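Remarks on the structure that follows.
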There are 2 protein chains.
Amino acid sequence: MFDAITAPDVEAHREAVARQLQLTKPAGSLGRLEELGVWIAACQGSCPPRPIARARVVVFAGDHGVAAHGVSAYPSEVTRQMVDNILAGGAAVNVLARVAGASVRVVDVSVDGDTPELISGGKIRRSSGRIDIEDALSEEECAAAITLGRSLADEEVDSGADLLIAGDMGIGNTTPAAVLISALTGAEPIAVIGRGTGIDDNGWMRKAAVVRDARRRAMAFVHQPEALLRTAGGADLAAMAGFLAQAAVRHTPVILDGMVITAAALVAEDLAPGAREWWVAGHRSVEPAHDLALSRLQLRPLVDMEMRLGEGSGAVVALPLVHAAVRVLAEMATFDTAGVTGPEGDPAPVPAANQE
Amino acid sequence: MFDAITAPDVEAHREAVARQLQLTKPAGSLGRLEELGVWIAACQGSCPPRPIARARVVVFAGDHGVAAHGVSAYPSEVTRQMVDNILAGGAAVNVLARVAGASVRVVDVSVDGDTPELISGGKIRRSSGRIDIEDALSEEECAAAITLGRSLADEEVDSGADLLIAGDMGIGNTTPAAVLISALTGAEPIAVIGRGTGIDDNGWMRKAAVVRDARRRAMAFVHQPEALLRTAGGADLAAMAGFLAQAAVRHTPVILDGMVITAAALVAEDLAPGAREWWVAGHRSVEPAHDLALSRLQLRPLVDMEMRLGEGSGAVVALPLVHAAVRVLAEMATFDTAGVTGPEGDPAPVPAANQE
């Protein structure tokens with residue numbers, strides 16, 4: 001379904017590593033900011049890299065049958081209300097994106113209610129199925145959702161996006177995300193279940209039972225990413241996976257958000273092996289499953305602010321670091337041009353990747 | 001020498017904590033970003049807080065007699081060259097400040113050479129003394145350096161600065177910083193000595209010997225901050241301490257940078273007890289002494305990018321998080337205004353401070 005993924009450019013990577021050593025700072029003294037700049041240069045195939053001019057956040061909104069089963073502190077109607085809030089510019093992701101120089105788009109993938117036509121043109125269905133007892137999606141719906149995500153990535157890149165962020169909005173969506181992470185990492189259900197939006201102990205026990213049952217249904221498909229999304233994911237998660245995979249096909253760097261997006265990323269890496277080389281982890285969520293998923297992808301988060309909001313908020317909070325990393329590499333003076341004496345000894349090598 | 005420090009506003013703090021619970025997000029889901037916004041509201045005495053409009057970085061440049069003793073990978077002349085580089089806008093701190101919406105000023109406190117008049121009007125002396133065998137400063141010079149820092153904070157606040165960052169530039173300056181941290185935390189010299197700009201094993205051993213000797217000279221003065229700065233600090237460190245203390249007197253929030261600034265902050269807290277309530281730690285440096293100093297101040301860093309550059313770079317990298325935290329509190333919709341249904345249970349309390 002996806003074209004083969006090629007890795008970021010080796011030559012630009014090498015040039016960027018060399019350039020870091022010429023900039024007026026002790027070798028390696030900007031730490032992970034140096035690695036990040038090198039990675040963007042490699043993604044762009046250009047050293048110095050161009051400033052990020054059009055960072056786009058696409059928020060995938062969808063409801064989940066399991067929400068009626070008491071796995072969230074909020075009722076499902078909040079999904080639609082929050083979609084309106086994002087459209088009006090009042091949600092956290094809107095504010096954070098304004099600060100970080102990104103713009104936000106929200107898409108109704110599977111909201112259990114009506115949303116404006118502007119955002120519901122590709123809608124797959126109303127809510128995904130209750131995954132503890134039934135499939136989230138039919139085979140056709142799942143394929144359509146992946147295609148929707150893929151098309152969204154194409155649209156954004158064709159409109160000039162040079163960095164992509166996927167966000168999630170959906171009451172109950174940490175439950176299918178926990179199932180996917182549990183199935184794909186082999187972790188026990190109890191290790192992947194967090195408090196989501198803030199459930200109490202009874203809610204946590206209900207969530208644990210749902211995750212256990214859905215995981216049992218999912219285990220046959222851990223090597224079939226599409227079947228896994230259909231059985232135990234949801235239309236929003238399938239669309240996210242398609243989006244993240246296609247961003248890599250289109251050679252566009254992605255900042256991953258928290259647990260839900262990273263669950264979709266795990267599946268996307270199976271759909272399009274090598275896609276992860278085009279992603280960096282924005283933040284570490286307090287949701288326990290997030291670390292498991294990041295470890296599996298060998299990605300190390302940039303920021304740890306103990307956030308657990310979703311919407312792409314954790315990725316957007318990390319975006320200024322990417323801006324900073326790119327502009328350091330593009331704008332800092334070199335020892336030569338600034339007339340600054342270099343170190344006496346040999347400079348230390350710069351670490352080389354976005355990954356651990 | 002400093003007016004008594006009063007704490008950030010309790011009423012604005014309380015209002016900000018309450019406001020976080022009204023914003024359209026699960027209670028506490030923005031984690032430390034929520035604490036940070038509450039802290040700025042308390043510093044400003046205003047909820048919602050005003051956006052940070054004039055963040056200023058003041059870089060304190062100074063040389064150190066110990067640099068001739070082989071404690072750095074770079075020769076002392078680099079201090080003056082880097083001052084020129086900062087003036088020309090080509091150093092890391094300039095680029096990072098442009099990205100983060102801050103402006104940079106550099107001040108020659110004790111550079112061992114001539115710098116433009118624009119920045120050397122308050123110059124204390126050429127280089128500070130070699131602290132392993134002599135005092136860094138005379139009593140008069142030390143008082144003048146603290147006063148210089150205090151005046152710089154006053155000037156900046158009087159010119160409208162609403163957030164201050166101190167940066168350092170000086171070959172060899174991690175050596176006196178290590179001595180101050182070692183003396184004030186009781187840590188052994190070996191626990192506070194890092195690689196600075198990137199010294200080799202022989203350089204590390206020379207640095208260890210200097211720190212050991214200077215610490216021995218300093219230990220009599222651990223309860224006399226001015227005498228400590230004079231004996232084992234330097235003019236730049238004294239000016240930084242005066243600046244950080246006066247920022248608190250003037251009720252202006254500060255983002256602390258790495259090891260050198262945090263060493264000065266330890267002394268500033270002794271000069272003006274309570275000043276630390278006006279500071280937040282920007283980043284965790286890879287210099288081992290930095291964590292010791294932060295623990296002593298009970299400050300927890302916002303960002304950990306494995307940086308060790310100085311110049312204020314680590315604080316400036318954290319500045320976008322402060323912008324984000326303030327604007328979340330000021331601009332996000334509330335459950336009421338957005339027509340979003342709140343959680344079923346009681347909201348969780350928001351953690352309450354900038355500190356651990």
request  = Inspect all residues belonging to region A:313-333 and state whether any of them is part of a strand (DSSP E or B), modelled with pLDDT of 95 or more, within 26 Å of residue A:162 (Cβ to Cβ) and within 13 Å of chain B (Cβ to nearest Cβ).
outcome  = no
task = May I ask you to list the residues in region A:40-79 that are within 21 Å of residue B:317 (Cα to Cα) and part of a helix (DSSP H, G or I)?
result = A:40, A:41
task = Say whether the condition of being in contact with a strand residue (DSSP E or B) (Cβ under 7 Å, 6 or more places away or on another chain) and open to solvent by 20 Å² or more (accessible area, probe 1.4 Å) is met by at least one residue in region A:7-23.
result = yes
remark   = Matching residues in region A:208-222 (open to solvent by 40 Å² or more (accessible area, probe 1.4 Å) and small (Gly, Ala, Ser)) number 1
request  = Show the residue pairs that are 6+ apart or on different chains and have beta-carbon atoms under 7 Å apart, the first residue being within region A:221-235 and under 14 Å from residue A:64 (Cβ atoms), the second being among the aromatic types (Phe, Trp, Tyr).
outcome  = A:231/A:221
inquiry  = I need the full set of residues from region B:209-230 which are in a helix (DSSP H, G or I) and over 11 Å from residue B:132 (Cβ atoms), in order please.
reply    = B:219, B:220, B:221, B:225, B:226, B:227, B:228, B:229, B:230
inquiry  = With the requirement that a residue be within 7 Å of chain B (Cβ to nearest Cβ), surrounded by fewer than 24 Cβ atoms within 10 Å (Cβ to Cβ) and either in a helix (DSSP H, G or I) or touching a residue at least 24 places away in the same chain (Cβ under 8 Å) (or both), what does region A:80-94 give you?
reply    = A:81
key: Subset of region B:50-66 that is out of contact with any strand residue (DSSP E or B) (no Cβ under 8 Å at 6 or more places or on another chain) and surrounded by fewer than 24 Cβ atoms within 10 Å (Cβ to Cβ) - its residue that is nearest to residue B:195 (Cα to Cα)   = B:53
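Criterion first (modelled with pLDDT under 95 and at positive phi) does residue A:31 satisfy it?
Details: modelled with pLDDT under 95: no; at positive phi: yes.
Criteria not met by residue A:31.
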task = For region A:141-163, name all the residues that are in contact with a Leu (Cβ under 8 Å, 6 or more places away or on another chain) and either open to solvent by less than 10 Å² (accessible area, probe 1.4 Å) or at pLDDT below 95 (or both).
result = A:142, A:145, A:146, A:149, A:153, A:156, A:163
request  = Name, by its number, the condition in (1) within 30 Å of residue A:102 (Cα to Cα); (2) crowded, with 24+ Cβ neighbours inside 10 Å; (3) hydroxyl-bearing (Ser, Thr, Tyr) that does not hold for residue B:252.
outcome  = (2)
request  = Would you please name the residue that is farthest from residue A:58 (Cα to Cα), looking only at residues in region A:163-208 that are assigned to a loop (DSSP other than H, G, I, E, B) and without any contact (Cβ under 8 Å) to a residue 12 or more places away in the chain?
outcome  = A:188
request  = Kindly provide the set of residues from region A:95-127 that are open to solvent by 10 Å² or more (accessible area, probe 1.4 Å), touching a residue at least 24 places away in the same chain (Cβ under 8 Å) and of a type in the set (Ser, Thr, Tyr), ordered by number.
outcome  = A:103, A:115, A:127
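State whether the residues of region A:27-39 include one that is part of a helix (DSSP H, G or I), within 30 Å of residue A:226 (Cβ to Cβ) and not acidic (Asp, Glu).
Within region A:27-39, the subset part of a helix (DSSP H, G or I) is A:32-39.
Keeping just the survivors that are within 30 Å of residue A:226 (Cβ to Cβ) gives A:39.
Still in the list and also not acidic (Asp, Glu): A:39.
There is at least one residue in region A:27-39 that is part of a helix (DSSP H, G or I), within 30 Å of residue A:226 (Cβ to Cβ) and not acidic (Asp, Glu).
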task = Output the residues belonging to region B:186-207 that are open to solvent by less than 40 Å² (accessible area, probe 1.4 Å), away from chain A (no Cβ under 11 Å) and in contact with a Ser or Thr (Cβ under 9 Å, 6 or more places away or on another chain).
result = B:189, B:192, B:193, B:194, B:207
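Taking the options B:103, B:29, B:76, B:72, name whichever one is closer than 25 Å to residue B:279 by Cα and within 11 Å of chain A (Cβ to nearest Cβ). Explain how you work it out, then say what you get.
Values: B:103 fails: within 11 Å of chain A (Cβ to nearest Cβ); B:76 fails: closer than 25 Å to residue B:279 by Cα; B:72 fails: closer than 25 Å to residue B:279 by Cα.
Sole residue among the options that is closer than 25 Å to residue B:279 by Cα and within 11 Å of chain A (Cβ to nearest Cβ): B:29.
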ask   = Restricting region B:173-208 to residues that are at pLDDT 95 or above and small (Gly, Ala, Ser), which is nearest to residue B:243 (Cα to Cα)?
value = B:177
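When you go through A:267, A:280 one by one, which is the residue that is part of a strand (DSSP E or B), more than 10 Å from chain B (Cβ to nearest Cβ) and either at pLDDT 95 or above or over 30 Å from residue A:90 (Cα atoms) (or both)?
So the residue among A:267, A:280 that is part of a strand (DSSP E or B), more than 10 Å from chain B (Cβ to nearest Cβ) and either at pLDDT 95 or above or over 30 Å from residue A:90 (Cα atoms) (or both) is A:280.
The values are calculated or read from the model by the stated rules, or taken from the named source; none is laboratory data. All values reported here derive from a predicted model rather than from experimental measurement. Backbone-built Cβ (ideal geometry, glycine too); neighbour counts: all protein chains shown. Each accessible area value is taken on the protein alone, full model and side chains, heavy atoms only, with ligands, DNA and RNA left out. Shrake-Rupley method; radii C 1.70, N 1.55, O 1.52, S 1.80 Å.
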